[in-house]
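Visitor: Got a structure for you, written out below as structure tokens; questions coming shortly.
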2 protein chains.
Amino acid sequence: MKMSIVVIGANAAGAKAASKAKRINPTAEITLIDRGTFISYGACGIPYFVSDTVEDVKELMSTPVGVVRDHQFFRKVKGVTVKTATEVIAIDRAAKTVCMRDCQTSRETKLPYDRLVLATGSTPFIPQISNVNLANVLTVKSIEDAELLKSLAVPGTRACIVGGGLIGLETAEALRHKGLQVAVVEMRDQMLPGVLDWEMAALVEKQLRQQGVTVMTGSAVTGLVGDAAVEAVQIGDVRIPADLVVLAPGVAPNVELARGAGLEIGPTGAIAVDTRQCTTDPDIYACGDCCETTHLITGKKVFIPLGSTANKQGRVAGINAAGGEATFAGVIGTSILRVFAVNAGKTGLTEAEAKAHGFEVETVLSPSHDKAHFFPGAKPIILKLVAERGTGRILGLQAVGEGAVDKRLDAAATAITFGATAEQVAQLDLAYAPPYSAAMDNLIVAADILKNKLAGHARGITPREVKRKFDEGDDFILLDVRSPAEHNAVGIEGAKLIPLGMLREKLEELPRDKEIIAFCKISLRGYEAQKILDAAGFRNAKFMDGGILAWPFALRTSDK
Amino acid sequence: MKMSIVVIGANAAGAKAASKAKRINPTAEITLIDRGTFISYGACGIPYFVSDTVEDVKELMSTPVGVVRDHQFFRKVKGVTVKTATEVIAIDRAAKTVCMRDCQTSRETKLPYDRLVLATGSTPFIPQISNVNLANVLTVKSIEDAELLKSLAVPGTRACIVGGGLIGLETAEALRHKGLQVAVVEMRDQMLPGVLDWEMAALVEKQLRQQGVTVMTGSAVTGLVGDAAVEAVQIGDVRIPADLVVLAPGVAPNVELARGAGLEIGPTGAIAVDTRQCTTDPDIYACGDCCETTHLITGKKVFIPLGSTANKQGRVAGINAAGGEATFAGVIGTSILRVFAVNAGKTGLTEAEAKAHGFEVETVLSPSHDKAHFFPGAKPIILKLVAERGTGRILGLQAVGEGAVDKRLDAAATAITFGATAEQVAQLDLAYAPPYSAAMDNLIVAADILKNKLAGHARGITPREVKRKFDEGDDFILLDVRSPAEHNAVGIEGAKLIPLGMLREKLEELPRDKEIIAFCKISLRGYEAQKILDAAGFRNAKFMDGGILAWPFALRTSDK
């Protein structure tokens, strides 16, 4: 008898699982069920559809050669039967059937299965605030959401986005692009919490402001205001006028069906699976946004819903459901987004995450050009590399800037997966020619400095700590070792200028026992200055991590 | 007493070694000696200076903030004494002195050293052909070369480049950019031998022709023709008129000084060093283009001179010379270049190299977009991934295309360094969002297919083998499973059309025992077709690797 495999949910993970199952077991009957009408769409493309970057929504549902992945495509090309507008309302594990309801007729029918794959996805989390049901308050997840948002995105409209995560910021860019007035409200004290550390997020926030987006951090929305349609967002005593509110505080896994069937829900609230993507029922698999996975650095279970992970898990679930053998080890928390002209992302753990997991860490901020500095089109990026003290193992990389950050993240993601140390990363044989990188790639430079910090040769101090010293009136010298021209153009208030080339001759201008913190544009010269001061017997010389390019506070600019 | 460290050669490796030595040992006296007048320049930038992409030659000799790395810079900033126009003509290892000759006065002096670092670089290899000393026959290595070439690069001039390697092709682009007529002559049967396999090089050759460059492979230059200045290049019976000849058949390490001092020269002809960059004299180190290194995959000694490697080795030589402790493990043969609109590179071993080293390999050609296919600006790239049979270990990646190949090379270089298998690469948590990649990154897709090939599920055949079958009149069917619209627009002569969506219904049109080779645009549908045919009981179904995008031969195009 033919094996029957039922897959619930027809987006990234489900569509992949169904296709893969058929390929592994060509005689199996595969049924792919979805409660929506649109299937197999690239949900990650939705912000770009809203901004008109992608013009036709069909492009999100097409193969790279332009064939729409519809019922006919799945039947003829993939040999998979698709049922849309059909909701699975219960699983009878004893009888091995699912109960389906036709969304139009409400008629219920049963479908037997030998193997079941849950790819039920996630739903935007709706915060517990007043009036969330007002008109023009929406989320961004489905094609229907996107079309509604697009219809409301009229130039001049005042939009307020609740949540400064990946989706919130991608939506902010999309709406700003359409000519709206945009504010982003985030409860935490920075944008992209969980993705970037504070000082890296500050660079993204700067970009948002430069693009005319109002950035409100540390702001918890207490309610929405309006009669029929939303008119304002209430944040404590402050009221922000808004014609349109996008709720983007995150997503929650759709686990009702699994919970109803008695399957184990993991510590993250998502469906628990093993490395074969198998749930606690050996005939039921789960993949994509509805299930949790393992973080390969911490070993802990995590819920990090991403299209890239969904595809990999769908593959594994499909193979195993069809009788094959495959495993998915887990993730390291890589994510990336574009925020206007800036690219920002991370892989592995941030400093905050690493510390929260009990790691003792050393970090470095390393700004430089993404190509040879003399090559036209070279753009700045800043890397923050985090390593474990003692072992020197790289725990994470964050990268922000106008240049190619994705390349450095992918190399670091690979290095982290294999437990690479700063020493090993500094020796990587990366692809070098002037159109692609400097002779010493940004990642290698960062790893080199981090190695020196781990060994105690380089003593860095963060810009945030320097700012605190100023604010608290500490007795120290912030030493600008750039050229007079650089110093005059833009600087940090309170810094003393001695260009690096003059430092050896002007040592007597500096007190030997005071804390001296040197900096330059990116702090390679800052580090050189520390070494010169060390060699001259200064007791407490340091450099400021990342130099002026990583200084997230106000700058003194020339008044030309 | 202060330690005296003498560094011979003041470019990438030597400049790095000198600076690093001073930083490690601030009391040491460091002397950096070069026979040239320009020091610490980015030789890799020379083609871009020739093409006017980089306008001022000073940019190649400057730090990222625009400070020229001259005598004063090294003295004041780095604490290093520089002697230019000074040639070291002998090393007296017993007395621990070097004998220097002033290039202007020819006066000879001795300089004692405690530690010596050789960074003598390489020199363009001059082929043994007649009349290489004619005027307007030059090499591209030094700033002086570049300035001469630039002065001769007048629009309309007929330039012939001898050697289709990295420097030859970069120079071809530069000269074409300046409006010259350009021909590249290569002895081997493909461009970029040692960098790309034949079918990947064919894609680069196609780009060269599209840009108006004459490509001559399998052409050994037998001599140059002319009276005072060169007038033609002789290739057997063929004479190519040329007003300008650039010799770029490779470079040879400068080892005369080392050999004269009795230091060991390795099997590659470059200076032998250990992982500390130490030569056979414990007080003499070597780094950069003059020394060999270890290939981390084969374990063999190799001579692969590159600016990226020179910097890393210079660092290690400088630290060790100054009394520190550092090692450089080796390289995996990564290289990259831009050829007009196309980026091309490799890391690890090519298929040809792997086979030459005795590896049994499986390979895949995988074309796809470098970003989400619906994202504006997504461009095609083709990956060729090479793995070892049995272990599944990735041995190499080649990548060619208009899109971001460097990112995939860097991730693969990292994976290869850590011995990753195709299975592990297919699970990497790479950075995904539509502006950066598809949900399944090109590298992951390629690794997935390779896994299937290693497991025997996917049976690929190369375009070159298909062409051979046609040429030899083999009895087989080349099955185009694309849409009729795609098929009509461009195709392969002799192919039969059955769109993938019709294949399950039209199986009776195909003979069950004949060899059937399916293909599509990139051969993902080709692979699906193989699986459908397998499932239907066909005995000898395969797919053509890389699809029509990897077909390097003539195509049938619609006559619109």
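Readers should treat all values here as calculations from the given coordinates under stated rules, not as data from a laboratory. In this text the structure is predicted, and so the values were computed from the model without any measurement. Using ideal geometry, Cβ is built from the backbone for each residue, glycine included, and neighbour counts are taken over all protein chains shown.
Visitor: Along the charge dipole of chain A, Cβ charges K/R +1 and D/E -1, which of A:Gly323, A:Thr63, A:Gly288 sits furthest on the positive end?
Guide: Of the options given, the answer is A:Gly323.
Visitor: Additional query: State, as an integer percentage, the relative contact order of chain A based on alpha-carbon contacts under 8 Å between residues 6 or more apart.
Guide: 11
Visitor: Okay, next question. Averaged over peptide B:78-88, how many Cβ atoms belonging to another chain are found within 10 Å of each residue's Cβ?
Guide: 1
Visitor: I've got another one for you. For region A:242-316, how big is the tail of P(r) above 19 Å, as a whole percent of Cα pairs?
Guide: Result: 36 percent of Cα pairs exceed 19 Å.
Visitor: Just to check I understand the Karplus step: with θ = phi - 60° and J = 6.51 cos²θ - 1.76 cosθ + 1.60, what whole-Hz values come out for region B:4-11, glycine and proline as x?
Guide: 10, 10, 10, 10, 9, x, 10, 9
Visitor: With +1 on each Lys and Arg Cβ and -1 on each Asp and Glu Cβ, and nothing else charged, work out how big the dipole of the protein assembly as shown is about its Cα centre, in Debye to the nearest 20.
Guide: For the protein assembly as shown, the charge dipole is close to 600 debye.
Visitor: On each of the three principal axes of the Cα atoms of region A:137-249, give max minus min coordinate, whole Å, ordered largest first.
Guide: Here the Cα extents, ordered largest to smallest, are 39, 31, 24 Å.
Visitor: Taking a ≥ b ≥ c as the square roots of the eigenvalues of the Cα gyration tensor of region B:460-557, is the shape rounded (a/c under 1.5), prolate (a/b larger than b/c) or oblate?
Guide: It comes out oblate by the Cα gyration axes.
Visitor: Cα centroids of region A:3-69 and region B:1-68: how far apart, whole angstrom?
Guide: Cα centres, region A:3-69 to region B:1-68: 55 Å.
Visitor: May I ask you to order B:79-89, A:126-136, A:278-288 by the average number of other C-beta atoms within 10 Å around their residues, highest value first?
Guide: Averaged packing, sorted descending, gives the order A:278-288, B:79-89, A:126-136.
Visitor: Cα centroid distance between region B:519-538 and region B:208-285, in Å?
Guide: Result: 47 Å between the Cα centres.
Visitor: Still on this structure: In degrees, nearest 10, range 0 to 90: what is the angle between the Cα axis of helix A:198-210 and the longest Cα principal axis of chain A?
Guide: Relative to chain A, helix A:198-210 is tipped by roughly 80 degrees.
Visitor: Using C-alpha positions alone, give me the convex hull volume of region B:275-335 per residue in cubic angstrom.
Guide: Normalising the Cα hull of region B:275-335 by residue number yields 71 Å³.
Visitor: Of the listed peptides A:450-460, A:92-102, A:54-64, A:325-335, what is their order by residue-averaged count of other C-beta atoms within 10 Å, with the highest listed first?
Guide: Top to bottom by mean Cβ count within 10 Å: A:325-335, A:450-460, A:54-64, A:92-102.
Visitor: Reported to two decimal places, what Rg/Rh ratio describes region B:7-82 when computed on Cα atoms with Rh from the Kirkwood expression?
Guide: 1.01
Visitor: Give the share of C-alpha pairs in each 10 angstrom bin for region B:341-454, from 0 to the last occupied bin, in whole percents, shortest bins first.
Guide: 16, 51, 27, 6, 0
Visitor: Okay, moving on. Quick check of the Kirkwood formula: for region A:152-212, what is the inverse mean of 1/r over all pairs of different Cα atoms, in Å? Let's see the in-between values first.
Guide: Working: mean 1/r = 0.0855 Å⁻¹.
It works out to 11.7 Å.
Visitor: Follow-up. What are the label-to-label distances in nm, one decimal and shortest first, from B:Phe125 to the same spot in the other copies, with labels 7 Å along Cα to Cβ?
Guide: For B:Phe125, the inter-copy label distances come out at 6.2 nm.
Visitor: Compute the FRET efficiency between B:Glu402 and B:His457 as 1/(1 + (r/R0)^6), taking r as their Cβ-Cβ distance and R0 = 35 Å, and round to the nearest 0.05.
Guide: Values: r = 31 Å, r/R0 = 0.89.
The computed FRET efficiency comes out at 0.65.
Visitor: Please turn the phi angles of region B:99-106 into ³J(HN,Hα) values with the Karplus equation 6.51 cos²θ - 1.76 cosθ + 1.60 (θ = phi - 60°), one per residue in order, whole Hz, x for glycine and proline.
Guide: 3J(HN,Hα) across region B:99-106, in whole Hz: 9, 10, 10, 6, 5, 7, 8, 6.
Visitor: For chain B, find the longest principal axis of its Cα atoms and tell me its angle to the long axis of helix B:405-417, 0 to 90°, nearest 10.
Guide: Approximately 80 degrees, to the nearest 10.
Visitor: For chain B, evaluate the Debye formula with one uniform point scatterer on each Cα (no solvent term) and list log10 I(q)/I(0) at q = 0.11, 0.12, 0.13 Å⁻¹, rounded to two decimals.
Guide: With one equal scatterer per Cα and no solvent, log10 I(q)/I(0) is -1.06, -1.20, -1.33.
Visitor: Given Cβ point charges of +1 (Lys, Arg) and -1 (Asp, Glu) and nothing else, what value in debye, to the nearest 20, does the dipole of chain B about its Cα centre take?
Guide: The dipole magnitude comes to about 1120 debye.
Visitor: Additional query: Under a 5 Å amide H to amide H cut-off, with H placed in plane at 1.01 Å, what residues pair with B:Leu395 once short-range neighbours are removed?
Guide: B:Val386, B:Ala387, B:Glu388
Visitor: Share of antiparallel DSSP beta bridges in the protein assembly as shown, in percent to the nearest 5?
Guide: Around 55 percent antiparallel, to the nearest 5.
Visitor: Extension gain A:Ala341-A:Ser106, at 0.36 nm per residue separation less the Cα-Cα distance, in nm?
Guide: My answer for the length gained is 79.8 nm.
Visitor: Charges only on Cβ, +1 for Lys and Arg, -1 for Asp and Glu: so what's the dipole of region A:137-249 about the Cα centre, in debye to the nearest 20? Mind showing how you got there, number by number?
Guide: Details: 9 positive and 14 negative charges, 49 e Å.
Magnitude of the dipole: close to 240 debye.
Visitor: Sorted from shortest, what are the nm distances separating the label point of A:Thr214 from equivalent points in the other copies, each placed 7 Å from Cα along Cα to C-beta?
Guide: Distances to the matching label points in the other copies: 6.8 nm.
Visitor: For region B:30-40, in order, what is each residue's ³J(HN,Hα) by Karplus, 6.51 cos²θ - 1.76 cosθ + 1.60 with θ = phi - 60°, in whole Hz (x at glycine and Pro)?
Guide: 3J(HN,Hα) across region B:30-40, in whole Hz: 10, 10, 10, 10, 9, 7, x, 9, 8, 10, 6.
Visitor: Across peptide A:306-315, how many C-beta atoms of other chains are within 10 Å of each residue C-beta, on average? Walk me through the intermediate numbers first.
Guide: Values: counts 5, 7, 12, 4, 1, 8, 8, 0, 0, 5.
Whole-number average of other-chain Cβ neighbours for A:306-315 is 5.
Visitor: Continuing with this model, one more query. Could you list log10 I(q)/I(0) for the protein assembly as shown at q = 0.05, 0.06, 0.08 Å⁻¹, which the Debye formula gives when each Cα is one point scatterer?
Guide: The Cα Debye sum returns log10 ratios of -0.36, -0.52, -0.91.
Visitor: Using only the Cα atoms of region B:27-173, what are the Rg and Dmax in Å?
Guide: So, for region B:27-173, Rg and Dmax equal 18.2, 57 Å respectively.
Visitor: So for the protein assembly as shown, taking the charge dipole from beta-carbon charges (+1 Lys/Arg, -1 Asp/Glu), which of B:Ile416, A:Thr222, B:Met187 sits furthest toward the positive end?
Guide: Towards the positive end, the residue furthest out is B:Ile416.
Visitor: Right, next: Among A:Lys141/B:Lys379; A:Lys355/A:Lys496; A:Lys384/A:Lys496; A:Lys206/A:Lys379, which pairs are too far apart, with a Cα-Cα distance over 23 Å?
Guide: Violating the 23 Å limit, Cα to Cα: A:Lys141/B:Lys379; A:Lys355/A:Lys496; A:Lys384/A:Lys496.
Visitor: When a/c is below 1.5 the answer is rounded, else prolate if a/b is larger than b/c, else oblate, so apply that to region A:285-414 with a ≥ b ≥ c taken from the square roots of the Cα gyration tensor eigenvalues.
Guide: Verdict is oblate for region A:285-414.
Visitor: Let me confirm one metric for peptide A:436-446, namely the mean number of other chain beta-carbon atoms within 10 Å of its residues' beta-carbons.
Guide: Across A:436-446, the average partner-chain Cβ count within 10 Å equals 5.
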